[in-house]
Amino acid sequence: MALFYALLFALVFLIRYSAGQLKIGFYSETCPEAESIVSSVVQDAVVSDPNLAAVLLRLHFHDCFVEGCDGSILIENGPNAEKHAFGHQGVGGFEVVEKAKARSEDACPGVVSCADIVALAARDAIALSNGPSYQVPTGRRDGEVSNVTLADDMPDVSDSIQQLKTKFLHKGLSEKDLVLLSGMLSLSLSLSLSLSLSCISNDNMVGGHSD
């Protein structure tokens, strides 16, 4: 139930924040199977690893918070790429987006943006977690700028309430948005910690026994 409410709160924020000049069914003529391709890839991934639902939603939030929902967090252009920012530590799900992008390119070369795939993947992740189903406006263009300094204002677990308010205000967001997102942020941080502890535990185990 906690997962459901965290996803729902984040959904309210992300729909409003990523809408822009977009429309439902943007790819209906240029790539009719675009959304079903993403849904299929996400479903396979979440069935294999249920934790990926929260991971994909967190990826969408981190992408949107920096420079808008432009997919810039996916760009790999060396150690100064946005994805390597301190505020993005623990963000994952890139392999799911890459797989969906590859399949989209096979079906409709050069049509579906990575930014839209990230948004669609978050939607499908919510639905697969027994959350609400909703339509995602599409038509985003992929960003071309990726710089680690652009993510300096990402919310951090060590931030005070006032620091969080200031960061949200700079993005045109309200205290209400901060409250709504707190559920998702707590879920993401808990998930990251859980996965980290699991990895440490596995690294210390040999043949099912600790060293």
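None of the figures in this text is laboratory data; all of them are computed from the coordinates on show. Model, not experiment: these values are computed from the prediction. We place every Cβ from the backbone using ideal geometry, glycine too, and count neighbours over all the protein chains shown.
For the reader, a short list of remarks on this structure follows.
- Under 5 Å between amide hydrogens, built in the peptide plane, is the criterion, and for T138 it picks out K23, I24, G25, F26 among residues at least 5 positions away or on other chains.
- If a spin label sat at a point 7 angstrom from the Cα of H84 along the line to its beta carbon, the backbone N atoms of the range 150-170 nearer than 19 Å would be those of 150-154.
- Karplus-derived 3J(HN,Hα), 6.51/-1.76/1.60, for each residue of the range 98-113, Hz, glycine and proline x: 4, 5, 5, 5, 4, 5, 5, 5, 5, 7, 9, x, x, 10, 8, 7
- Neighbour counts of other Cβ atoms within 10 Å put L74, L57, L150, L169 in the fewest-to-most order L169, L150, L74, L57.
- Residues whose placed amide H lies under 5 Å from that of N147, excluding near-sequence neighbours: E82
- Taking only alpha carbon atoms, the range 28-123 gives an Rg to Rh ratio of 0.96, where Rh is the Kirkwood radius.
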